[in-house]
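What follows is a set of notes on a single structure, which appears directly below.
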Amino acid sequence: MTNIQFQFYSKAPAATLSGGAWQAGAPLANLLLDPPLLSLRARSSNLLLASTKINIDLGVSNTPVRMIGVARHNLTRDALVRITAGTTPGGTDLYSTGWIPVWPAVYLPEDLEWEDDNFWSGQLSDEEVVGYPSHGMHDALVNIRARYWAIEITDTANPDGYVELAHLRLGTVWSPERNLAPGAQLVWEDRSVSATSLGGVLYSETRPPARVLRLALKGITRVEAFGALLDAQRLLGTHTPFWVVPSPDDTARRFKRDCLVRFRKLDPITQAFHNVHESVLELEEWL
């Protein structure tokens, strides 16, 4: 089983983006806001393949990247994406995914009924994903050191008439040697506000809920505790989001569990035994 993964830092804010055709009021620059404002998005001018490409220049040739993707997109079940990296702009000599589905198959035919709309595709159904933010993150499994990256998207039948993306991320992955401890919690936290009038009538203002993940990392080493984890608390604080993948192997439910989050509070790192440390994390979804 693959342990929990964190992408604490993104190289995207320092990158230069180009390519494609993007609306003047929704430019590629919106993908680089730090911290991100997810209501400001990049929107393509049309659905032509040449218009839905993003060239990424990280500025330094040996920048390590393992996980790359976007938060909040409008891509349909038919959408395909290709992610490449090269020694020259547009090059593919260092890495290429080939064309892969944005929404991959997660079910076997025996998992579904013949009448199900997704019987042949094995993809998640529209009913399953309603209410969840659409994210797309790709794990290259190893660090790729490249200056030039590109993301190409084809979704020519998108009923919106454009491709829309909110937040670009590229970076390495930290995964502790020991997985999160049993007892981890995931909950939808309701943000709606309610008040009762003098006459006893309840009035409510509906607001989007946020996922909150509470977990404990136990048995982490001194290097992990005072390296990746302590540095993340110092550099990110409670005001900068990061990416978390609680269970990389749970492909059918990753859309429910993977999340752009922030530290809700900074909990101490406790020395449980000699060279054995632990910490409790409370992570709040970044809306």
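Answer yes or no: is there a residue in region 220-235 that is touching a strand residue (DSSP E or B) at 6+ places or on another chain (Cβ under 8 Å), of a type in the set (D, E) and either surrounded by 13 or more Cβ atoms within 10 Å (Cβ to Cβ) or outside any helix (DSSP H, G or I) (or both). Checking region 220-235: at least one residue is touching a strand residue (DSSP E or B) at 6+ places or on another chain (Cβ under 8 Å), of a type in the set (D, E) and either surrounded by 13 or more Cβ atoms within 10 Å (Cβ to Cβ) or outside any helix (DSSP H, G or I) (or both). If you scan region 255-287, which residues turn out to be touching a residue at least 24 places away in the same chain (Cβ under 8 Å) and not in a strand (DSSP E or B)? Within region 255-287, F255, K256, R257, D258, R264, K265, L266, I269, N275, W286, L287 qualify.
In region 130-177, counting only strands (runs of 3 or more DSSP E) that sit wholly within it, the ones holding 2 or more residues that are touching a residue at least 40 places away in the same chain (Cβ under 8 Å) and of a type in the set (V, I, T) span 135-145, 148-154. Only residues that are closer than 18 Å to L33 by Cα, surrounded by fewer than 17 Cβ atoms within 10 Å (Cβ to Cβ) and of a type in the set (F, W, Y) were counted across region 236-287, and they come to 0. Test V223 against the criterion of being closer than 24 Å to E278 by Cβ and touching a residue at least 60 places away in the same chain (Cβ under 8 Å), and give yes or no. Considered against the rule, which asks whether it is closer than 24 Å to E278 by Cβ and touching a residue at least 60 places away in the same chain (Cβ under 8 Å), V223 comes out as no.
Scanning for something touching a helix residue (DSSP H, G or I) at 6+ places or on another chain (Cβ under 7 Å), over 24 Å from V261 (Cα atoms) and in the same structural domain as I151 (by TED's automatic domain parsing), does region 36-46 turn up at least one residue? Quick ask: steps written out before the conclusion?
Taking region 36-46 as the starting set, the residues that turn out to be touching a helix residue (DSSP H, G or I) at 6+ places or on another chain (Cβ under 7 Å) are 40-42, 44-45.
Still in the running and over 24 Å from V261 (Cα atoms): 44-45.
Filter again for in the same structural domain as I151 (by TED's automatic domain parsing), leaving 44-45.
Yes; the residues of region 36-46 include at least one that is touching a helix residue (DSSP H, G or I) at 6+ places or on another chain (Cβ under 7 Å), over 24 Å from V261 (Cα atoms) and in the same structural domain as I151 (by TED's automatic domain parsing).
Set side by side, the residues T63, T97, T84, T52 differ, and just one is farther than 24 Å from P133 by Cα, assigned by TED's automatic domain parsing to the domain that holds R145 and at pLDDT 95 or above, which is T84. Scanning region 1-44 for residues that are β-branched (V, I, T) and closer than 29 Å to E177 by Cβ yields T2, I4.
Scanning region 22-39 for residues being surrounded by 13 or more Cβ atoms within 10 Å (Cβ to Cβ) and over 25 Å from T63 (Cβ atoms) gives a total of 2.
Quick one: in region 144-167, of everything that is under 23 Å from P13 (Cβ atoms) and either in the same structural domain as R253 (by TED's automatic domain parsing) or of a type outside the set (A, V, I, L, M) (or both), which residue is surrounded by the fewest Cβ atoms within 10 Å (Cβ to Cβ)?
Start the filter on region 144-167 by keeping residues that are under 23 Å from P13 (Cβ atoms), which leaves 144-153, 163-167.
Checking which are either in the same structural domain as R253 (by TED's automatic domain parsing) or of a type outside the set (A, V, I, L, M) (or both) leaves us with 145, 147-149, 152, 164, 167.
On the way: R145: 15, R147: 20, Y148: 21, W149: 28, E152: 19, E164: 19, H167: 28.
Result: R145.
The values are calculated or read from the model by the stated rules, or taken from the named source; none is laboratory data. In this text, all values refer to a predicted model and were calculated from it rather than measured experimentally. So basically every Cβ, Gly included, is an ideal-geometry build from the backbone, and we count neighbours across all protein chains shown.
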